[in-house]
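Heads up, the thing below is written out as structure tokens.
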Amino acid sequence: MRRHVPALLAPLLALAAACSSGSPPAATPPAATPTATLSPVDRLISFQSEFPDWPNTDFSRATVDPREILRGCPVRDCIPPLDAEGAVTIPAPRGGRARFAPAETLGYADRLPVAVVTVDGVTKGYPLHILTWHEVVNDRFGERPVVVTFCPLCNTAIAFDRRVGAQVLDFGVSGNLRHSDLVMWDRQTESWWQQATGEGIVGAHAGQRLEPLPASIVPWGEFRRAFPQAPALTEDTGFDRAYGINPYEFYDATSQPFLFQGTPDPRLPALERVVALDRAGRGLAVPMEALAAAQVANVEAGGTPVAVFWMPGAASALDQREIAQSRDIGAAAAYDARQGGRTLRFAPGPEPGTFVDDATGSTWDIFGRAIAGPLAGQQLAPVLHTTEFWFAWAAFHPETAIWRP
């Protein structure tokens, strides 16, 4: 029989362990979702009274109700972000260094999940067993400043361009949560940003949106084989963390998300994973359980034909104490199904993690590459997608549709 840690206990222990100050965080209990909007004056007073430790944040500019924001831990960067060399102009006073090595030189277990980000032809890997303990990595892809983020409570691994207009922002972990999701802060203006959407919600940049960038979560072994020379985040961060140990033990086996206000959308179990598409539109959720059975979903998202691929072999980052021993939840990636002026439809291929198109019979892999057949060497263009918990996607996209095979 599986041992279940109470939903509130495991994240509290994790946050306490992650706090670089060494003191346990004080998590604010969840309250009822506000039913009335505060006046601008009352909203400003509420922010200033609830968050006196943020004197440089412009609380007169906010797009959300302060009653929706909860403290997850007591101080900013209590979960220390990582900065790559040369990536930031304002170093994190409580943060660490993001160091990289070629994937083939790192001995991570094949089943460990890794967030794969490709920008301007450069591919990098960010293993979740490291991101869980840091949540924010400020990096550069060539000349483009990028932040790679992961919120364990929502299972959202998302990358963003760090530029807002002509300004490049350096990000950290505010210690606050909204709808159980990480609220980031930028060191330039001390504005607050919603990780799930990339939206500035409080401060000088309230109402601005960061440009999201494609990211997929795949098994480490598959990534290493496909991109042996790709830079991958190492455990050499400057912190003594139990990398590979899941501080949120059995979290994804619970029925209620941690510090989530209100009632999760009942159409799916709250902590079922979905592949989330069409972020700028109504939204489309492809449930991972149904996708695992079908292995491929041919859908339309935001007017674009999309192929969603699934393969086995990726462990949950939020199940067993040792992530490498966690149950297999599989991995998914989504691509524009158009290639060479035609729209392809896909079916499962001859081997797990392979896919065959109906037009040419070419075989494709989880990275959208044709590896055999007439189209060998071709690459499908990735579409924006995340693999996240249903409650989180539905909270920010309440009108989302759900794919049914």
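Only one of (1) more than 25 Å from PRO382 (Cα to Cα); (2) among the acidic types (Asp, Glu); (3) surrounded by fewer than 24 Cβ atoms within 10 Å (Cβ to Cβ) is not met by ASP120, so which one is it?
(1)
Does PHE239 satisfy the condition of being touching a residue at least 12 places away in the same chain (Cβ under 8 Å), within 22 Å of PRO127 (Cβ to Cβ) and open to solvent by less than 10 Å² (accessible area, probe 1.4 Å)?
no
Being among the aromatic types (Phe, Trp, Tyr) and in contact with a Gly (Cβ under 7 Å, 6 or more places away or on another chain) narrows it down to one residue among PHE346, PHE355, PHE391, PHE396; which is it?
Being among the aromatic types (Phe, Trp, Tyr) and in contact with a Gly (Cβ under 7 Å, 6 or more places away or on another chain) holds for just one of PHE346, PHE355, PHE391, PHE396, which is PHE355.
If a residue counts only when it is in contact (Cβ under 8 Å) with a residue 60 or more places away in the chain and charged (D, E, K, R), which strands (runs of 3 or more DSSP E) contained entirely in segment 80-192 have at least 1 such residues?
82-84, 96-98, 122-127, 171-178, 181-186
Kindly indicate whether any position in segment 302-318 is open to solvent by 10 Å² or more (accessible area, probe 1.4 Å), part of a loop (DSSP other than H, G, I, E, B) and under 30 Å from ALA101 (Cα atoms).
Looking for residues that are open to solvent by 10 Å² or more (accessible area, probe 1.4 Å), part of a loop (DSSP other than H, G, I, E, B) and under 30 Å from ALA101 (Cα atoms), one finds at least one in segment 302-318, hence yes.
Being surrounded by 24 or more Cβ atoms within 10 Å (Cβ to Cβ) and aliphatic (A, V, I, L, M) is the filter here; which residues of segment 265-291 pass it?
Scanning segment 265-291 gives VAL274, VAL275, ALA276, LEU277, LEU284, ALA285, VAL286.
Cβ contacts < 7 Å: first residue in contact (Cβ under 8 Å) with a residue 12 or more places away in the chain and among the charged types (D, E, K, R), restricted to segment 195-222; second residue part of a strand (DSSP E or B) and surrounded by fewer than 18 Cβ atoms within 10 Å (Cβ to Cβ), any location; separation 6+ or different chain. Result?
GLU199/ARG209
Can you tell me which residue among GLY341, GLY353 is touching a residue at least 40 places away in the same chain (Cβ under 8 Å) and surrounded by fewer than 22 Cβ atoms within 10 Å (Cβ to Cβ)?
That would be GLY353, the only listed residue that is touching a residue at least 40 places away in the same chain (Cβ under 8 Å) and surrounded by fewer than 22 Cβ atoms within 10 Å (Cβ to Cβ).
With respect to ILE90, is the statement that it is more than 18 Å from VAL218 (Cα to Cα), at pLDDT 95 or above and open to solvent by less than 70 Å² (accessible area, probe 1.4 Å) true?
Answer is yes for this residue.
Considering only segment 78-86, I want to know if a residue exists there that is touching a Pro at 6+ places or on another chain (Cβ under 7 Å), open to solvent by less than 50 Å² (accessible area, probe 1.4 Å) and of a type outside the set (Lys, Arg).
yes
Which pairs have Cβ atoms under 9 Å, sit 6 or more apart or on different chains, and link a residue in segment 361-387 that is closer than 23 Å to PRO312 by Cβ and among the aromatic types (Phe, Trp, Tyr) to one that is part of a strand (DSSP E or B) and open to solvent by 30 Å² or more (accessible area, probe 1.4 Å)?
Pairs found: TRP364/VAL356; TRP364/ILE371; TRP364/ALA372; PHE367/THR118; PHE367/GLN379; PHE367/PRO382.
Take the residues of segment 131-188 that are out of contact with any helix residue (DSSP H, G or I) (no Cβ under 9 Å at 6 or more places or on another chain), among the aromatic types (Phe, Trp, Tyr) and open to solvent by less than 10 Å² (accessible area, probe 1.4 Å): which is nearest to PRO74 (Cα to Cα)?
Per the stated criteria, the residue is PHE171.
Every residue, every condition in (1) charged (D, E, K, R); (2) at pLDDT 95 or above; (3) surrounded by 15 or more Cβ atoms within 10 Å (Cβ to Cβ); (4) more than 23 Å from ASP181 (Cβ to Cβ), yes or no:
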position	(1), (2), (3), (4)
ARG2	yes, no, no, yes
LEU15	no, no, yes, no
THR35	no, no, no, no
PRO40	no, no, no, yes
PRO55	no, yes, no, yes
ALA103	no, yes, yes, yes
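The values are calculated or read from the model by the stated rules, or taken from the named source; none is laboratory data. All figures in this text were calculated on a predicted structure; none of them were measured in a lab. All Cβ positions, even for glycine, are placed from backbone atoms using ideal geometry, and neighbour counts span all protein chains on display. Just the protein is used for accessible areas: all its heavy atoms, side chains included, with ligands, DNA and RNA removed. Shrake-Rupley method; radii C 1.70, N 1.55, O 1.52, S 1.80 Å.
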